[in-house]
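Right, one structure below, let's go through it.
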Amino acid sequence: MTTTSERDTGSEKSNGSRSERTTCVVVGGGPAGMVLGLLLARAGVHVTVLEKHADFLRDFRGDTVHPTTLDLLDDLGLFERFDALPHSKLSRARVQDSDGREVTLVDLTRLPLRHPYIAMVPQWDFLDLLAEAGRAEPTFDLRMRHEVTGVVRDGDRVVGVDVESPDGPIRLLADLVVACDGRWSLVRRETGLPKREFPVGFDVWWFRIPTRRDLAESLLPRFNDGEVAIAIPREGYLQVAYLGRKGSDAALRARGIEDFRARIARLLPQAADDVAGIASMDDVKVLDVRVDRLSRWHAPGVLCIGDAAHAMSPVGGVGINLAVQDAVATARLLAGPLQRAGSDGPVREADLRRVRRRRLLPTVVVQGVQRVMHAALIDRVLDGDVTGPPAAAVAAWRRVPALSAIPALLIGVGPRPERIPAWARRASSARGRRLVRR
Ligand SMILES: Cc1cc2nc3c(=O)[nH]c(=O)nc-3n(C[C@H](O)[C@H](O)[C@H](O)COP(=O)(O)OP(=O)(O)OC[C@H]3O[C@@H](n4cnc5c(N)ncnc54)[C@H](O)[C@@H]3O)c2cc1C
């Protein structure tokens, strides 16, 4: 952290860095940061998004785009371009009952949704699409290979960030800094916002199994003797999540790839002939599963959203959706104060507080359901106490298939879905053409 007694402006130099000014700095170009950057730019706010990587092409870190996010893309006029990206669609999640019959636990097609499916799109394609839409706005400035190294303060107020860029250090001053830098957020660490952490007993190992097999378009959770795997059919491969006890990564790797392939073949017999496609343990990435949330999401001059405010468990695959929804709410609540920031002084804490007030309920509800799922199912399966979801629940879902709409609502829509503000809406090119013809 650095302090500045005077608010630098324009191109003044401080601490050897070039100094610049913008209205809003967004730290991190993940789903939260890119959506927030695009929306604020559509409100005419000067926004600079800083992303430390050179591109969005990174390891798998969740590729799920939920029905509510698809609706938002529609309203942003981006759905057609999104739909043209290579992707697969998931409408249902099934398990096997004790007699080996498939029972649908989650069915999105039962809901009256514009897009009743989860689109499985590589996250980099989704982020590239948002970046391209942002570049069409004159006040949008996305800078790749710009790593934030600290926050700049004026007294107790955050007034900007220090950045390491390919052209050397920059001090970027702003009326507001929004931390969208994920679960290991440097900004939230430097700001010292109080955090509540919930214990999690498992980690997740992600990997691909290349396959030409035509596997059903559905999530396939499999449970076997203290182990769990979830396989998501994709174009030409299965994306697999293997769940194991927290802290067992070293032991799993020490047992080697042959042992790992054998475990996966037992768990996913339909992919047993393809497990040789997992080339080595280097292709198996561990996710240190965390569930936490900040007790306060803001301090003077700074706000945290997305994983920076609340790291999510992968259960339900809702982290991206929640981060996007946070960004929409933030843009709606803060675009006005940011438009007035120059003349009215800095964004008031009361405005920043409204973001947490709006987004706390969905965060608490989703994390609550995830923690119940951890305790009631995942921990018990990993301990070997049970071999899958409670038989009575599976039987009830088989007898009353309409029950599959309940988890579908929670996962696909979630509590308190956000709407794109009118000023950010655009007609997609086809819809626009239809409107013109009418
Ligand atoms: C292996 C894995 C699998 C997952 N699977 C799913 C899933 O299936 N579905 C789902 O919904 N969620 C999933 N998640 C969670 C999901 O990725 C997150 O909840 C979601 O991406 C949060 O979005 P975000 O924008 O808040 O943060 P992130 O996506 O973490 O984005 C943060 C961005 O900030 C950048 N950054 C960090 N520090 C700095 C810095 N100092 N300066 C500049 N830039 C910085 C990072 O490079 C990154 O681009 C998964 C996560 C992991 C790791």
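General observations
- Magnitude of the charge dipole, the range 121-207, Cβ model with Lys/Arg +1 and Asp/Glu -1, debye to 20: 340 debye
- Cα gyration tensor shape for the range 249-318, rounded if a/c is under 1.5, else prolate or oblate: prolate
- Sorting 50-56, 36-42 by their mean Cβ neighbour count within 10 Å, with the most densely packed peptide first, gives 36-42, 50-56.
- Per the Kirkwood formula applied to alpha carbons, the range 314-438 shows a radius of gyration over Rh ratio, Rg over Rh, of 1.15.
- The alpha-carbon positions of the range 108-167 define a convex hull whose volume is 196 Å³ per residue.
- The listed peptides 134-140, 157-163, 318-324, ordered by packing as a protection proxy, come out as 318-324, 157-163, 134-140 (highest mean of other Cβ atoms within 10 Å first).
- Evaluated with a Cβ-only charge set (Lys, Arg +1; Asp, Glu -1), the chain carries a dipole of roughly 1420 debye about its Cα centre, given to the nearest 20.
- Normalised contact order of the chain, rounded percent, pairs of Cα under 8 Å and 6 or more residues apart: 23 percent
- Among the helices of the chain, none built from whole DSSP H runs has Cα atoms reaching 20 Å or more along its own axis together with a mean Kyte-Doolittle hydropathy of at least 1.0.
- Enclosed volume per residue, in Å³, of the convex hull spanned by Cα atoms of the range 196-347: 147 Å³
- The chain - mean residue ellipticity at 222 nm from DSSP helices (-39,500 (n - 2.57) per run, n ≥ 4, rounded to 500): -9500 deg cm²/dmol
- Think of each Lys and Arg Cβ as +1 and each Asp and Glu Cβ as -1; about the Cα centre, that makes the dipole of the range 202-287 roughly 140 debye.
- Cα gyration tensor shape of the range 90-244, rounded if a/c is under 1.5, else prolate or oblate by comparing a/b with b/c: prolate
- Candidate aspartates and glutamates for bridging to Lys195, where Cα separation is under 20 Å - those fewer than 8 sequence places away on the same chain excluded: Asp156, Asp181, Asp288, Asp292, Asp307, Asp326, Glu349
- Anisotropy class of the range 202-287 from Cα gyration tensor, a/c 1.5 cut: prolate
- Per-selection metrics, the range 287-388 (Cα): Rg and Dmax in Å: 17.2, 63
- Rounded to two decimals, the Cα-based Rg/Rh of the range 362-421, with Kirkwood Rh, is 1.07.
- Computed across the range 341-387, the Kirkwood radius stands at 13.7 Å (inverse of mean 1/r, all Cα pairs).
- Dimensions in Å of the chain - Rg and Dmax from alpha carbons: 22.7, 73
- The range 12-133 - percent relative contact order, Cα under 8 Å, separation 6 or more: 27 percent
- In summary, the range 65-182 shows an alpha-carbon radius of gyration equal to 1.55 times the 2.2 N^0.38 Å reference for compact globular proteins.
- Taking every alpha-carbon pair under 8 Å whose residues sit at least 6 apart, the range 202-287 reaches a relative contact order of 39 percent.
- Peptides 248-255, 185-192, 347-354 ordered by packing proxy, namely the average of other Cβ atoms within 10 Å per residue, highest first: 185-192, 347-354, 248-255.
Every number in this text was worked out from the coordinates using simple rules, so none of it is lab data. As the structure is a computational prediction, the values presented were derived from the model and not from experiment. Cβ: placed from backbone, ideal geometry, glycine included. Neighbour counts: every protein chain shown.
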